[in-house]
Amino acid sequence: MDGQDSGSGFAITGDCALTAGHVVRTATDKMLSSQRLLVNERPGPTVICVCDRGEPGQVRAVVQYQPDDAEPIPVTRIEVNTTLDVAVLHLQQMAPALLPVGQVTRGAEWRVETQPKASDPVLTGMVTEPHRRLRNQGGTETTLIQLWVREELGDYRGYSGSPVVSPPDLGGPSRVLGVLVEQGRWRITPVSGEPTPVANVLFAAPIDQVLTEFGLTAVTPGEPAGQLPLPVAFEVSRPQQLSQVIDALLTNLVNPPPDGQLVGLVGMGGSGKSVLAAAVARSLQVREAFPDGQFWLELGPHPQLLQLQNRLAAALGDSTLLTDVPQGRARLSRLLAERKYLLVLDNVWTRTDLSAFNVVGPLGALLVTTRDSATLPRIIGIALDELAPQAALQLLARWTAALPGELPAEAALVAQECGYLPLALALCGAMIAAGGHSWPQLLELLRRADLEALNIQLEGYPHRSLAVALAASIDTLSPDTRDRYMRLAVFDAEGPIPPAALQLLWGLDQQDTATLVNDLAAKSLLRVDVNNVSLHDLQMDYLVRGAAANLPSLHDQLLAAYRGQCHGGWATGPDNGYFYQHLAHHLHHAGRIPELQELLVDLNWMNVKLTTGNLPGLLTDYDTLTSDPALRLVAGALRLSAHVLAEDPGQLPSQLTGRLASQHDPQLRDLLQR
């Protein structure tokens, strides 16, 4: 700014950079104080300034963006949002390097690699609150990322405007989480009742809010299907178990078995199997041992095996349609025969499901998580128990922003009531962090919970602790929020839930849906991962059992909401990544069998599924009514025609006619006449 180094910034698109709003205050103050360029004033270096989407003003100033190892780039326009304290710098030419964006999660590690002076340290720390509500100096409420900093400098000036990024050692590139807007002790005051910022707490403007506010589209690295899950909030390291699993995967790499190395993680639900498996897959040793890639598949109790096989085959470079599971197993075995590849199967329930993906070759490895060791024939099984008491206290301390030694005596008793299970501990830690309960109150809440009165029992689950923690956590929600959370039971066995489906189910707009999702995620009642929402299967089981007889009505409610978007019948519904994939499931579970039968012989429905590239999903739709003879014939005809329809969906009428013309079922005659 006018020849002075004012702060840091980074390029987010080809011709735009981001920085903190107060970094460019010299220019914006000129505009706000009416020091604008006059019409007849002698020309010179100028920049256009816009504050809070107000009227643009041209001021005399020299503003430049200085990339690393490149020439300075003149800034032609500055846009500032004073609520977030973020500015967009419009550049006169393209920036030489762009940073991709990512997603912030509670407990995640972060870095600021900008060094105002050569002697200044790189900043590191942990995200303590992804959505901290504060009021800025003007009294406007805003939401920022709260960051705990390891390096206690006392004064962090010079770092303002830096990108807060995820560390590069999490299995992918560094990604921007937010724009550092400094300590803000003098700019930001807490909402009433919250503590004042302390010396080693910084704040950052969330990158998703920044992009939305300024209408920017940033670089996002390709997210392959089957990518590894992000680290969970306040993930507790389990170095002994981590090393044990890694050693088991790598032990036979010199003389590998013919069907690859097979390792299973066995433990009760909520014990952290999936978290540990993801940490193993992200580890540097494993990534180096399997350079051809890692692929993550979550199966669960009712997996759609054929669709999952098609996803894996496509990720391996073969998009030729698979039409049955044995065919898929054979092709996947050929694709992986000579690859150094790690396949992770999460939450496997049966040997049959495992068999569909036991396809790695001698150079690869298969890592399986399961609750039942009987699903693991010929696999090295590693038992994963609950956390040790000290590790459980460490997890509670991280959730509540305390040191383990500072926790009250009741915290140890809470950990004991939780059975030292990570999921139950996270739920309880989130309740304390939310500020609604003291430790003695939480302990009493857990002890008095009556599962029989709740009429909920988690099948095959020996610990009452998780059900108690879930019940206590849900009980703290407002009535409206509790009702909306319980309605998530309608998505049972349907995998990740896109925000568009939640918005429809809850009857909220996009912003209110995002706010509610963030609130539930902060309470560890769900998880946001790569733009979708998911629940632990035990949480979903709890909701399903709680909904019980009301489930058909919930399916009806969701169908009614979708019907309002289908002005020309079901085939004209929204292509939002959920509707076409799951309509048949919701009709079936709503008990609307005649309507489902009609849908599955609707040529328009078949056409739209084919043209959206969802032939495997169309075949899966017929599995909902396998007892219907006419539908079995249609499904058979589609499977036999799959190779043709995958290339040319327009061949559907002729293929059905050629394969079904000799049949005399009235339903089929009606279909062929259309």
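The values are calculated or read from the model by the stated rules, or taken from the named source; none is laboratory data. Not measured: the values here are computed from a predicted model. Cβ sites come from the backbone with ideal geometry, for glycine too, and all protein chains shown count toward neighbours. Calculation scope for accessible area: heavy atoms of the full protein, side chains included, ligands and nucleic acids excluded. Shrake-Rupley method; radii C 1.70, N 1.55, O 1.52, S 1.80 Å.
Numbers for the structure displayed
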quantity: Unmet criterion (only one of (1) surrounded by fewer than 21 Cβ atoms within 10 Å (Cβ to Cβ); (2) part of a strand (DSSP E or B); (3) of a type in the set (D, E, K, R)) for Glu71; calculated: (2)
quantity: Residue selected from the range 654-663 under the condition open to solvent by 60 Å² or more (accessible area, probe 1.4 Å) and not polar (S, T, N, Q), by the criterion farthest from the chain's Cα centre (by Cα); calculated: Ala661
quantity: Residue list for the range 509-520, restricted to those being in contact with a Ser or Thr (Cβ under 8 Å, 6 or more places away or on another chain) and crowded, with 20+ Cβ neighbours inside 10 Å; calculated: Leu520
quantity: Criterion violated by Arg563 - all others in (1) within 21 Å of Ser478 (Cα to Cα); (2) of a type outside the set (Gly, Ala, Ser); (3) open to solvent by 50 Å² or more (accessible area, probe 1.4 Å) satisfied; calculated: (1)
quantity: Cβ-Cβ under 8 Å pairs, at least 6 apart or on other chains, the range 526-538 side more than 22 Å from Val468 (Cβ to Cβ), far side at pLDDT 85 or above and open to solvent by 30 Å² or more (accessible area, probe 1.4 Å); calculated: Asn531/Pro499; Asn532/Pro499; Val533/Pro499
quantity: Index of the failed condition, Thr320 passing every other in (1) over 27 Å from Val634 (Cα atoms); (2) among the polar types (S, T, N, Q); (3) at pLDDT below 90; calculated: (1)
quantity: Any chance Leu554 is touching a Leu at 6+ places or on another chain (Cβ under 8 Å) and open to solvent by less than 10 Å² (accessible area, probe 1.4 Å); calculated: no
quantity: Filter result (over 23 Å from the mean Cα position of the chain (by Cα) and charged (D, E, K, R)) within the range 465-482; calculated: Asp475, Asp480
quantity: Residue within the range 182-197 that is surrounded by 14 or more Cβ atoms within 10 Å (Cβ to Cβ), at pLDDT 85 or above and not in a loop (DSSP other than H, G, I, E, B) present; calculated: no
quantity: Residue list for the range 231-248, filter: surrounded by 14 or more Cβ atoms within 10 Å (Cβ to Cβ), under 13 Å from Ala279 (Cα atoms) and modelled with pLDDT of 75 or more; calculated: Arg238, Gln241, Leu242, Gln244, Val245, Ile246
quantity: Among (1) buried (at least 22 other Cβ atoms within 10 Å of the Cβ); (2) more than 20 Å from Tyr159 (Cβ to Cβ); (3) at pLDDT 85 or above, the one test that Asp85 misses; calculated: (2)
quantity: Which listed residue is open to solvent by less than 40 Å² (accessible area, probe 1.4 Å) and either modelled with pLDDT under 80 or not polar (S, T, N, Q) (or both), from Pro629, Pro649, Pro666; calculated: Pro649
quantity: Of residues in the range 276-319 being of a type in the set (S, T, N, Q), open to solvent by 30 Å² or more (accessible area, probe 1.4 Å) and within 19 Å of Ala646 (Cα to Cα), the one nearest to the chain's Cα centre (by Cα); calculated: Gln307
quantity: Members of the range 547-564 found to be of a type in the set (S, T, N, Q) and without any contact (Cβ under 8 Å) to a residue 40 or more places away in the chain, listed by number; calculated: Asn550, Ser553
quantity: Unmet requirement for Arg106, which otherwise passes all of (1) outside any strand (DSSP E or B); (2) among the basic types (Lys, Arg); (3) free of Cβ contacts under 8 Å to residues at least 60 places away in the same chain; calculated: (3)
quantity: Residue count for the range 109-121, restricted to those that are in contact with a strand residue (DSSP E or B) (Cβ under 8 Å, 6 or more places away or on another chain), part of a loop (DSSP other than H, G, I, E, B) and open to solvent by 60 Å² or more (accessible area, probe 1.4 Å); calculated: 1
quantity: From Arg331, Arg371, residue being charged (D, E, K, R) and within 24 Å of the chain's Cα centre (by Cα); calculated: Arg371
quantity: Matching residues, the range 55-104, being closer than 17 Å to Val176 by Cα and polar (S, T, N, Q); calculated: Gln103
quantity: Helices (runs of 4 or more DSSP H) lying entirely in the range 574-670 (those with 1 or more residues that are farther than 20 Å from Gln307 by Cα and of a type in the set (D, E, K, R)); calculated: 593-599, 652-660
quantity: Qualifying residue in the range 250-268 (condition: in a helix (DSSP H, G or I) and crowded, with 17+ Cβ neighbours inside 10 Å); calculated: yes
quantity: Residue in the range 490-498 that is open to solvent by less than 50 Å² (accessible area, probe 1.4 Å), within 23 Å of Ala469 (Cα to Cα) and not small (Gly, Ala, Ser) present; calculated: yes
quantity: Residue in the range 314-329 that is touching a strand residue (DSSP E or B) at 6+ places or on another chain (Cβ under 7 Å) and more than 29 Å from Ile497 (Cα to Cα) present; calculated: no
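Let's see how each residue does on (1) open to solvent by less than 20 Å² (accessible area, probe 1.4 Å); (2) without any contact (Cβ under 8 Å) to a residue 60 or more places away in the chain; (3) closer than 21 Å to Gln673 by Cα:
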{"residue": "Ala590", "(1), (2), (3)": "yes, yes, no"}
{"residue": "Val601", "(1), (2), (3)": "yes, no, yes"}
{"residue": "Leu610", "(1), (2), (3)": "yes, yes, yes"}
{"residue": "Gly617", "(1), (2), (3)": "yes, no, no"}
{"residue": "Asp621", "(1), (2), (3)": "yes, yes, no"}
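The rows are residues; the columns are (1) without any contact (Cβ under 8 Å) to a residue 60 or more places away in the chain; (2) outside any helix (DSSP H, G or I); (3) not aliphatic (A, V, I, L, M).
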residue: Leu393; (1), (2), (3): yes, no, no
residue: Arg398; (1), (2), (3): no, no, yes
residue: Gln416; (1), (2), (3): yes, no, yes
residue: Leu427; (1), (2), (3): no, no, no
residue: Met431; (1), (2), (3): no, no, no
